[in-house]
Amino acid sequence: MPSTFRIPKAQVTGLYGRIMSAYARRTYGQIPDNAYVLWHHRPVLKAVLKFEQRVAKWRALDPNLKSYAELASAGVIGCSWCLDFGYFLAHNEGLDLAKVREVPRWRESDVFTQLERDVMEYAEAMSTTPLAVTDDLVARLIDQLGTEAVVELTQMIALENMRSRFNSAAGLQSQGYSDVCELPLAVPSDRVRHA
């Protein structure tokens, strides 16, 4: 289903627009729909891009755990664009696609370790309103990952909440990024769908 663009799709123009468009097509195969929305406010666009570049350099958290957390958060929020793009990124980063496919159904799936389950439980707990984070869950994560990695995990989930809520509010839908990895967009578990 194509994006509805509740915030109108901007025409990307000018030198900066050509550079951004060329980079997006070379890196992702197409211009992400959220770039068309962000183009309406270039200082916001540039701030988001700069922050995302810095986030990509963080290394305290295992990339698989980071991906599982982002996808679990996007699944709870219901952002098909983020799930689609997240699958694409997981494919390009060489992550375990059999597990990635199961993230939105992690509670029913038997492919995840206890640590991976704790990470996805934390992502879901941070992505519901009101928050459902418990002291016990955070303590287990710190014991397993260390404080630095839990700080990074917490920030990644908070960032995915920002991404998913922005994209969903803007009316963005799956763009077909996940077609490259032949992963169907999974349906989140009923236990958290409307939390």
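The values are calculated or read from the model by the stated rules, or taken from the named source; none is laboratory data. Only a predicted model underlies this, so the values are computations on that prediction, with no experimental measurement involved. Glycine gets a Cβ as well: all are built from the backbone with ideal geometry, and neighbour counts include every protein chain shown. For the accessible areas, the whole protein counts, side chains as well, though only heavy atoms, and no ligand, DNA or RNA atoms are used. Shrake-Rupley method; radii C 1.70, N 1.55, O 1.52, S 1.80 Å.
Rounded to the nearest whole Hz, the Karplus-based 3J(HN,Hα) values (6.51 cos²θ - 1.76 cosθ + 1.60, θ = phi - 60°) of segment 146-155 follow the sequence x, 5, 4, 5, 5, 4, 5, 4, 4, 5, with x at glycine and proline. All Cα-Cα separations within the chain were binned at 10 Å from zero, giving a P(r) of 9, 36, 37, 16, 3, 0, each value a whole percent of the pairs.
Summarised in one figure, the compactness ratio Rg/Rh of segment 12-99, Cα atoms and Kirkwood Rh, is 0.99.
Measuring nothing but protein heavy atoms, the accessible surface of segment 37-92 at 1.4 Å probe radius is 57 percent carbon and sulfur. For the options ILE19, ILE31, ILE157, a Gaussian network treatment of the chain with springs between C-alpha atoms closer than 10 Å singles out ILE19 as fluctuating the most. With respect to the chain, whose longest principal axis is taken over its alpha-carbon atoms, helix 63-77 is tilted by about 80°. Loop-located GluC sites (Glu not before Pro) in segment 27-108 (DSSP state not H, G, I, E or B) with no more than 13 neighbouring Cβ atoms inside 10 Å: GLU93, GLU108. Highest GNM mean-square fluctuation among PRO32, PRO63, PRO130, for the chain modelled with Cα contacts below 10 Å: PRO130. Estimated from helical segments only, the mean residue ellipticity of the chain at 222 nm is -19000 deg cm²/dmol, where each DSSP H run of four or more residues counts as -39500 (n - 2.57). Potential lengthening of the chain between VAL44 and ALA98 amounts to 15.9 nm, from the contour at 0.36 nm per residue minus the alpha-carbon distance. Counted residue by residue at 0.36 nm each, then reduced by the alpha carbon distance between them, the extension gain from ARG117 to ASP62 reaches 18.4 nm.
Less than 9 Å Cβ to Cβ from TRP58, Lys/Arg counted +1 and Asp/Glu -1: what total charge do the surrounding residues give? Around TRP58, the surrounding residues sum to +3.
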